[in-house]
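Everything on this sheet refers to the single structure shown next.
The values are calculated or read from the model by the stated rules, or taken from the named source; none is laboratory data. This is a predicted model, so every value here is computed, not measured. Neighbour counts are summed over all protein chains in view; Cβ atoms, including those assigned to glycine, are modelled from backbone coordinates with ideal geometry.
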Amino acid sequence: MRRLPRDISPGAAARRALLAGALIAIGIALLAFVFAAGLGIVAFVAVPLFLGLLVWIVVETMAKGIRRRRLSSAFKTGARESRAP
C-alpha cells in the first residue's frame, strides 16, 4: 500500500480536505435516508393507529358526556323521586 505524498501544495491539501468532507457528508446523508425510510414505515403504521385511538377517545368522552347529561336532567325533573315506593 502506498502512502500519500507529504510534500503537497496548499491547494492539493485543500482539495483533499474538501474530498474527505464531501465523502463524510455523503455517508451521513445516506444514513439519514436509511433512517428516514425506516421512520416513514413506522409513521405509515403509527399515524392511522394514532388517529383511530384519537377517534375512540373522542367517542368515549362524548358518550360519557351524554350519559351525564341524561342523569342530571333526570334528577332535575324529579324522575327518580317518581320511581320511589
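The number of residues in the range 1-52 being exposed (fewer than 10 other Cβ atoms within 10 Å of the Cβ) and outside any helix (DSSP H, G or I) comes to 8. Would you call Val47 modelled with pLDDT of 90 or more and either among the β-branched types (Val, Ile, Thr) or under 29 Å from the mean Cα position of the chain (by Cα) (or both)? So Val47 fits the description; yes.
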